[in-house]
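Below is one structure, written out as structure tokens; the observations come after it.
The values are calculated or read from the model by the stated rules, or taken from the named source; none is laboratory data. These numbers were taken from a predicted model, which means no experiment stands behind them. Here Cβ is always computed from backbone atoms with ideal geometry, including for glycine, and neighbour counts include all displayed protein chains. These area figures cover heavy atoms from the full protein model, side chains too; ligands, DNA and RNA do not enter into them. Shrake-Rupley method; radii C 1.70, N 1.55, O 1.52, S 1.80 Å.
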Amino acid sequence: MNLTAKEKLEKVRDLRPIDDVFFEVLAANPAVCQEILRVIMEDNLLVVSDVIVQASEQNIYGRSVRLDALCTLGNGTKCNIEVQRSDNDDHLKRVRYNASMITAKESKTGTKFEEVLELYIVYISKFDLLNGNKTIYHIDKILRETGAIVNDGLHEIFVNTVIDDGTDISELMSCFTKKEVKNPKFPVLSSEVHRLKESEGGVSAV
């Protein structure tokens, strides 16, 4: 169906950052991902040097995956940002599967396992996935017998848009459900949302 310019503009203005199609265009700007990750990971020095949106990780043995935004950080660490509106699947297993695909794809033949990449998964949902009444959750592997944390290089962070704990993270998450983002705490996100919705080039990109 061919839409008029006005109809396209109306559809784009109706989108929010939590919507897949809009987030992928937003995330194509590394500065947007950098601002988001600096808030969520509470690291004002974090750098995003590259982003691949709609990255497809192929699997000849089973199902492939399509990633929302696979970021490379300044220190070479990978961070995959996913947004999810619908609570209609096993999201923990989805994260586990996606992480394994990224790890396999990024690992080179003949290298030692100590060289397997450090990977962060940031999963942004429109619902409280872990039902703990928290805005953000960090999943760690724990030794049952001693309580010590085991670091195998995979870091899982779950954030949601529904729980407001008064932090900058929850304030950022509230922006993800709005059609207009005008928050001085998040100038890059606010500016890019405005550009994509109001400029001819931005609307075309969406």
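Show the residue pairs meeting these rules: Cβ distance below 8 Å; 6+ apart or different chains; first residue within segment 122-133 and open to solvent by 40 Å² or more (accessible area, probe 1.4 Å); second residue among the β-branched types (V, I, T).
So the pair list comes out as K126/I18; K126/T161; K126/V162; K126/T177; N133/I163.
Let me spell it out: the conditions are (1) without any contact (Cβ under 8 Å) to a residue 12 or more places away in the chain; (2) part of a strand (DSSP E or B), and E114 meets all of them except one. Which number is the exception?
The number of the failed condition is (2).
With open to solvent by less than 80 Å² (accessible area, probe 1.4 Å), at pLDDT below 95 and more than 12 Å from the chain's Cα centre (by Cα) as the only criterion, which of V48, V53, V21 stands out? Reasoning before the result, please.
Working: V48 fails: at pLDDT below 95; V53 fails: more than 12 Å from the chain's Cα centre (by Cα).
Unique residue meeting the criteria: V21.
Which one of these does K105 not meet: (1) modelled with pLDDT of 95 or more; (2) open to solvent by 70 Å² or more (accessible area, probe 1.4 Å); (3) assigned to a helix (DSSP H, G or I)?
Looking at each condition in turn, K105 falls short on (1).
Among the residues of segment 134-176, count how many are within 30 Å of S100 (Cβ to Cβ) and in a loop (DSSP other than H, G, I, E, B).
16
Would you call V83 part of a helix (DSSP H, G or I) and closer than 23 Å to F23 by Cβ?
Numbers: part of a helix (DSSP H, G or I): no; closer than 23 Å to F23 by Cβ: yes.
Answer is no for this residue.
Condition check ((1) surrounded by 11 or more Cβ atoms within 10 Å (Cβ to Cβ); (2) within 23 Å of G76 (Cα to Cα); (3) in contact with a strand residue (DSSP E or B) (Cβ under 8 Å, 6 or more places away or on another chain); (4) at pLDDT below 95) across all residues:
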site	(1), (2), (3), (4)
N88	no, no, no, yes
N98	yes, yes, yes, yes
E115	no, yes, no, yes
Y120	yes, yes, yes, no
Y137	yes, no, yes, no
L143	no, no, yes, no
M173	yes, no, yes, no
P184	no, no, no, no
